[in-house]
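A short write-up of the structure that comes next.
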């Protein structure tokens, strides 16, 4: 869904179509851990995805070939970066190269 009047030029580069930036980057050839949210506060956008999402991005679209680790946490897209449990997982990943099994 391209909404340039809402997301601007950067929003047009993100997406799931074949020529979107995430698709053309290809396989990750570096250590990459991904944290995906599973809690939506935007039911309208969640209706547009066909699977579990964080209110903007489906879990399926958070995965990339070559990723080192992928976890799902009960947080929404808007506030994922402020969630203390997500921050703890990021710090643990940076220090140890993996996330913990406690994904509260």
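Here is a yes/no grid of residues against (1) touching a strand residue (DSSP E or B) at 6+ places or on another chain (Cβ under 9 Å); (2) touching a residue at least 24 places away in the same chain (Cβ under 8 Å):
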{"position": "14", "(1), (2)": "no, no"}
{"position": "26", "(1), (2)": "no, yes"}
{"position": "38", "(1), (2)": "yes, yes"}
{"position": "43", "(1), (2)": "no, no"}
{"position": "49", "(1), (2)": "yes, no"}
{"position": "54", "(1), (2)": "yes, yes"}
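Of the residues making up the range 6-27, those that are within 15 Å of the chain's Cα centre (by Cα) and under 24 Å from residue 69 (Cα atoms) number 6.
Kindly evaluate residue 78 against the criterion of being at pLDDT below 90 and surrounded by 12 or more Cβ atoms within 10 Å (Cβ to Cβ). Answer is no for this residue. Among the residues making up the range 40-64, those that are in contact with a helix residue (DSSP H, G or I) (Cβ under 9 Å, 6 or more places away or on another chain) and part of a loop (DSSP other than H, G, I, E, B) are 40, 49, 50, 51, 52, 54, 55, 56, 64.
How about the range 3-39: which of its residues are surrounded by 12 or more Cβ atoms within 10 Å (Cβ to Cβ), at pLDDT below 80 and in a loop (DSSP other than H, G, I, E, B)? Scanning the range 3-39 gives 14, 15, 16. The set of residues in the range 56-75 that are in contact (Cβ under 8 Å) with a residue 24 or more places away in the chain and either surrounded by 14 or more Cβ atoms within 10 Å (Cβ to Cβ) or under 16 Å from residue 39 (Cα atoms) (or both) comprises 61, 62, 64, 67, 68, 69, 70, 71, 72, 73, 74, 75. For the range 65-85, the set of residues classified as within 25 Å of residue 23 (Cα to Cα) and in a helix (DSSP H, G or I) consists of 80, 81, listed by residue number.
The values are calculated or read from the model by the stated rules, or taken from the named source; none is laboratory data. Here the structure is a predicted model, which means the values were calculated and not measured. A quick note on method: Cβ atoms are made from the backbone with ideal geometry, for glycine too, and the neighbour counts reach across all protein chains shown.
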